[in-house]
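The values are calculated or read from the model by the stated rules, or taken from the named source; none is laboratory data. As the structure is a computational prediction, the values presented were derived from the model and not from experiment. Note that we place each Cβ from the backbone using ideal geometry, even for glycine, and neighbour counts take in every protein chain shown.
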Amino acid sequence: MEFISAFDVIGPNMIGPSSSHTAGAAAMALLARKLFGDKTPAKVSFTLYGSFAKTYKGHGTDKALLGGMLGFRPDDMRIRDSFRIAEEEGLDFRFIEDDETETPHSNTADILMIDEDGYTLSVRGVSVGGGKIKLTRFNNIDVDFTGEYSALIVRQNDRPGVAAHITSCLAEANVNIAFMNLFREDKGTTAYTVVESDEKIPADVLDKIRDQENIMEVKLVQV
């Protein structure tokens, strides 16, 4: 029998009527924004699938997604005013309903973020219930990332020695690796290494990791 905690029964601290459609939506957008970088994107589009597409207005999923993109946690009261705040901050946003494409989970959204210089990041998020989420795609590469741990996300050319370089840098910084996974489109193409740790990863390790010819981008997400 699967263990169920009191938090699964009671649900998370949140604004809105649904742990899946509001708290989870805010959490996935907040994680996407952390992956994007230190500032709010200039433009963002949310493509909604399944039950998200059918009920997002009534359940406040749109406000929650936008609130997460603004940096608000699921229990932040400002989520109620996220449309107004986004407009005041000059964030160009839109919501797209896709009720035809089938996805493995009904509470799914694609989030496309663009900054003023044209840098883009696309992620797919899933609200799995009880306010918990996972990201299942980065820029068309399938991944499995929950954001429950401090994490290092490395975009790289899929070449020998890259993973060894990453782990060596982390070992020198005394970082204990809880999970490490490699995700790629195909052998020898672009890949993502996701390293999760149950302790904070020091920011200064990023420059050491970047000092390798096949490393294209390094991002740090602290819990």
TODO: Would you mind stating whether Phe179 is part of a strand (DSSP E or B), of a type in the set (Phe, Trp, Tyr), assigned by TED's automatic domain parsing to the domain that holds Pro74 and within 18 Å of the chain's Cα centre (by Cα)?
DONE: no
- [ ] Within the range 141-176, work out how many residues are in contact (Cβ under 8 Å) with a residue 12 or more places away in the chain and assigned to a helix (DSSP H, G or I).
- [x] 8
Task: All positions within the range 37-80 that are among the hydroxyl-bearing types (Ser, Thr, Tyr) and over 14 Å from Asp92 (Cα atoms) - done: Thr47, Tyr49, Ser51, Thr55, Tyr56, Thr61
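Is the range 118-125 home to any residue that is assigned to a loop (DSSP other than H, G, I, E, B), touching a strand residue (DSSP E or B) at 6+ places or on another chain (Cβ under 9 Å), loosely packed, with under 14 Cβ neighbours inside 10 Å and among the aromatic types (Phe, Trp, Tyr)? Steps first, please.
Filtering the range 118-125 down to residues assigned to a loop (DSSP other than H, G, I, E, B) leaves 118-119.
Going one step further and asking which of them are touching a strand residue (DSSP E or B) at 6+ places or on another chain (Cβ under 9 Å), we end up with 119.
From what is left, the residues that are loosely packed, with under 14 Cβ neighbours inside 10 Å are 119.
Imposing the further condition that a residue be among the aromatic types (Phe, Trp, Tyr) reduces the set to 119.
Yes: the range 118-125 contains one or more residues that are assigned to a loop (DSSP other than H, G, I, E, B), touching a strand residue (DSSP E or B) at 6+ places or on another chain (Cβ under 9 Å), loosely packed, with under 14 Cβ neighbours inside 10 Å and among the aromatic types (Phe, Trp, Tyr).
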- [ ] Please state which of the following conditions Thr101 fails to meet, knowing it meets all the rest: (1) touching a residue at least 40 places away in the same chain (Cβ under 8 Å); (2) hydroxyl-bearing (Ser, Thr, Tyr); (3) surrounded by 14 or more Cβ atoms within 10 Å (Cβ to Cβ); (4) closer than 25 Å to Lys54 by Cβ.
- [x] (3)
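To keep it simple, each residue is scored yes or no on (1) at pLDDT 95 or above; (2) closer than 25 Å to Pro74 by Cα; (3) aromatic (Phe, Trp, Tyr).
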{"residue": "Thr120", "(1), (2), (3)": "yes, yes, no"}
{"residue": "Gln156", "(1), (2), (3)": "yes, no, no"}
{"residue": "Arg184", "(1), (2), (3)": "no, no, no"}
{"residue": "Lys187", "(1), (2), (3)": "no, no, no"}
{"residue": "Val194", "(1), (2), (3)": "yes, yes, no"}
Task: Residue selected from the range 146-164 under the condition crowded, with 18+ Cβ neighbours inside 10 Å and among the polar types (S, T, N, Q), by the criterion farthest from Gln222 (Cα to Cα) - done: Gln156
